[in-house]
């Protein structure tokens, strides 16, 4: 026992496996905040590092996507936007959807893409998905500023929208969206370590999920029976609440909004539990 005590005094930091499935060392993550910041900067800079327009793509991507949606779904397919200017309807939906889709996609690949680093250097593994959540939020803030400028134009100049005080829910909606993106991403990332087939269906699954979410259409277009199935998608109530607050259209349903909050939290817990179960074997399986 004395020899063990002397040996223990020789070390400042002990790296050992977690004992509980829900163990999250918040203090350790805070101690590695500089590394977290470095990963965030890397995610923001590396994407457009060697492009001509650089960070301008943060703004050009959503506006180009929204314009394509205006032409295809608004002009050709003639889908209703409940009287909301089409560019505003699609730009707002695309901004929120892109945050979820991009964050989920990046988190789902983060462990396999960083296998070499994880095998050589110790750091809290949750820093990797957390960096994707935060860097995605930075991009969303930039893209939302574009939406907000156009929103101000239509509100003060065209008087084409009728916002209400429920727009104050926006930070809360973003928090729920971030938790949902984190939970779903880390769960899939943990599973793809062993089941590589999931990598091939992620992009296809995200595309299908977009059509099951009121991104390109208002939920009012669906029949009552179809609306029930759409509400089961936790993203639906978040997008509808956003459109209700900023555009005066959409459906703000507190029951389904509560459902989305509970769904996101439970999914995040399941994701962390799954991650903690396979963390010890990450390097060997990758």
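Here are a few things to note about the model shown:
- Candidates 96, 173, 126, 140 - the one that is over 13 Å from the mean Cα position of the chain (by Cα) and in contact (Cβ under 8 Å) with a residue 24 or more places away in the chain: 126
- Looking across segment 143-161, the residues that are surrounded by 12 or more Cβ atoms within 10 Å (Cβ to Cβ) and either touching a residue at least 12 places away in the same chain (Cβ under 8 Å) or over 27 Å from the mean Cα position of the chain (by Cα) (or both) come down to 143, 144, 146, 147, 150, 151, 153, 154, 155, 160, 161.
- Residue in segment 104-116 that is under 18 Å from residue 55 (Cα atoms), buried (at least 18 other Cβ atoms within 10 Å of the Cβ) and in contact with a helix residue (DSSP H, G or I) (Cβ under 8 Å, 6 or more places away or on another chain) present: no
- Restricting attention to segment 185-212, the residues that are crowded, with 19+ Cβ neighbours inside 10 Å and farther than 26 Å from residue 131 by Cα total 0.
- Test result for residue 172, part of a helix (DSSP H, G or I) and crowded, with 16+ Cβ neighbours inside 10 Å: no
- Extreme residue, farthest from the chain's Cα centre (by Cα), among residues of segment 199-215 that are more than 16 Å from residue 231 (Cα to Cα) and free of Cβ contacts under 8 Å to residues at least 24 places away in the same chain: 200
- Highlighted here are the helices (runs of 4 or more DSSP H) found entirely within segment 205-286 that include at least 3 residues which are under 24 Å from residue 89 (Cβ atoms), in contact with a helix residue (DSSP H, G or I) (Cβ under 8 Å, 6 or more places away or on another chain) and modelled with pLDDT of 90 or more: 224-231, 234-247, 254-278.
- Scan of segment 109-123 for residues that are free of Cβ contacts under 8 Å to residues at least 40 places away in the same chain and more than 23 Å from residue 203 (Cα to Cα), ordered by number: 116, 117, 120, 121
The values are calculated or read from the model by the stated rules, or taken from the named source; none is laboratory data. Quick caveat: nothing in here was measured; it's all calculated off a predicted structure. So basically every Cβ, Gly included, is an ideal-geometry build from the backbone, and we count neighbours across all protein chains shown.
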